[in-house]
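As structure tokens, the structure follows; a few thoughts come after it.
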Amino acid sequence: MKRTVLVTGATGTLGRDVVAVLRERGHDVRGLSRSKPGYVHGDLLTGAGIDEALRGVDVVVHAATDGRRDVAAAGKLIEAMRRAPGKPELVFVSIVGVDRIPFGYYNAKVAIEKMVAEYGGTSFRASQFHDLVLTVAKGMTRLPLVGFYPAFDLRPVEVHDVAVRLAEIVEGELPATPADLSGPQRRSARDLWRVYLGRAGKRRLLIPVRLPGKAFRALRGGAGTGPGGGTGTWEEYLARKL
Ligand SMILES: NC(=O)c1ccc[n+]([C@@H]2O[C@H](COP(=O)([O-])OP(=O)(O)OC[C@H]3O[C@@H](n4cnc5c(N)ncnc54)[C@H](OP(=O)(O)O)[C@@H]3O)[C@@H](O)[C@H]2O)c1
């Protein structure tokens, strides 16, 4: 069934792919952005433009984030959705392990998941995108001779796999808690960095970093890795990117 979908964060890493996948599958898609040309304009923090953006929408895929004020932004969005005629469905993009890994950003996700559940929406958790892992790997190996890696495993996922799963959720009966999604392989960060360095033609002595605290302990216990389900690998991603 063709649906009218508003995608927040439509200019972001995930949002761009979500818009493309939903359009390919025949849906009528509006991408929200604060200012980029070619998008429906709206700001989730001030609420400007949001009522208009929601007009006639069946489902909202909420993938916007500014990393700091996401609870307030989600609050404004949900407030506007409660006012919207037809009470659109809501799918929120969260992160694998947010309830077990107490980073501030993750705590905010848990708070938003609660707000989404109260609204009657769905929260869908994905693991770290390849794009984020590449940014971190580059940052931690930018010195000339040595590189650092976090001493835990990751299970990064291809953004396109996440977008396809979101489209399937939009098209089906919204499940209260859809299965988490992560990449096909659980691997040590050291191994992922090693492959990146090889691909980038760089040599570094890799040194593990063990950070203290509950969040990093949970990550070392595998709380962020998730059950798999994605198909795109790190090697395939790097072959496209580098
Ligand atoms: N990155 C990961 O590894 C990962 C893993 C799992 C889940 N997630 C979740 O997936 C979602 C998307 O992540 P991403 O990495 O694709 O994010 P991103 O690239 O940082 O994009 C976020 C987008 O949000 C929009 N935005 C920010 N503040 C806004 C506001 N006040 N009003 C309206 N739009 C606003 C921005 O669009 P404009 O600048 O055009 O307004 C921006 O393009 C997030 O919820 C994130 O937590 C990410």
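The values are calculated or read from the model by the stated rules, or taken from the named source; none is laboratory data. Predicted, not measured: the structure shown is a model, and the values here were computed from it. Backbone-built Cβ (ideal geometry, glycine too); neighbour counts: all protein chains shown. We work out accessible area using only protein heavy atoms, side chains counted, and drop any ligands, DNA or RNA first. Shrake-Rupley method; radii C 1.70, N 1.55, O 1.52, S 1.80 Å.
Brief remarks follow.
- Packing-based order for 189-201, 22-34, using average beta carbon neighbours within 10 Å, highest first: 22-34, 189-201
- Hz values of 3J(HN,Hα) by residue in region 203-213 - Karplus curve (6.51, -1.76, 1.60), Gly and Pro given as x: 10, 9, 7, 8, 10, x, 10, 10, 9, x, x
- For the chain, the solvent-accessible area with a 1.4 angstrom probe is 48 square angstrom per residue.
- Within the chain, the ratio Rg/Rh, alpha carbon atoms throughout and Rh by Kirkwood, equals 0.99.
- Shown in residue order for region 167-184 are the 3J(HN,Hα) couplings computed by the Karplus curve 6.51 cos²θ - 1.76 cosθ + 1.60 at θ = phi - 60°: 4, 5, 5, 4, 7, x, 5, 5, x, 4, 9, x, 4, 5, 10, 9, x, x Hz (x for Gly and Pro).
- Positive end of the dipole of region 4-241 (Cβ unit charges, origin at the Cα centre): among ALA53, VAL110, SER188, the Cα lying farthest that way belongs to SER188.
- Here region 145-168 is scanned for amide nitrogen atoms under 16 Å from the site 7 Å beyond the Cα of VAL209 along Cα-to-Cβ, giving 145-154.
- For GLY75, net neighbour charge (Lys/Arg +1, Asp/Glu -1) across residues whose Cβ lies under 12 Å away: +1
- Each residue of region 78-92 is assigned a 3J(HN,Hα), and the resulting list reads 5, 4, 5, 5, 5, 7, 5, x, x, 6, x, 6, 9, 10, 10 Hz, derived from the Karplus form 6.51 cos²θ - 1.76 cosθ + 1.60 (θ = phi - 60°), x at Gly and Pro.
- Cα long-axis angle, helix 13-24 against the chain (0 to 90 degrees, to the nearest 10): 50
- Between 0 and 90°, nearest 10: helix 104-119 axis offset from the chain longest Cα axis: 30
- Nearest-20 debye value, region 59-183 charge dipole, Cβ charges on Lys, Arg, Asp, Glu: 500
- Every helix of 4 or more DSSP H residues in the chain counts as -39500 (n - 2.57), and over all residues that averages to -12000 deg cm²/dmol at 222 nm.
- Beta bridges assigned by DSSP with both partners in the chain are antiparallel in approximately 5 percent of cases.
- Region 4-241 - percent of accessible surface contributed by carbon and sulfur, probe 1.4 Å: 52
- The H on the amide N of VAL7, modeled in the peptide plane, is under 5 Å from the matching H of ARG30, GLY31, LEU32, VAL61, each at least 5 residues off or on a different chain.
- Surrounding net charge for LEU14, when Lys and Arg each add one and Asp and Glu each subtract one, Cβ distance under 12 Å: -2
- Between THR177 and GLU236, the simple label model (points 7 Å from Cα in the Cβ direction) yields a spacing of 2.9 nm.
- Close amide-amide hydrogen proximity is noted between SER94 and PHE124, ARG125, ALA126, each under 5 Å apart and 5 or more residues distant or on a separate chain (H modeled in the peptide plane; Pro and chain starts excluded).
- Order by protection proxy (mean Cβ within 10 Å, highest first), peptides 176-186, 52-62: 52-62, 176-186
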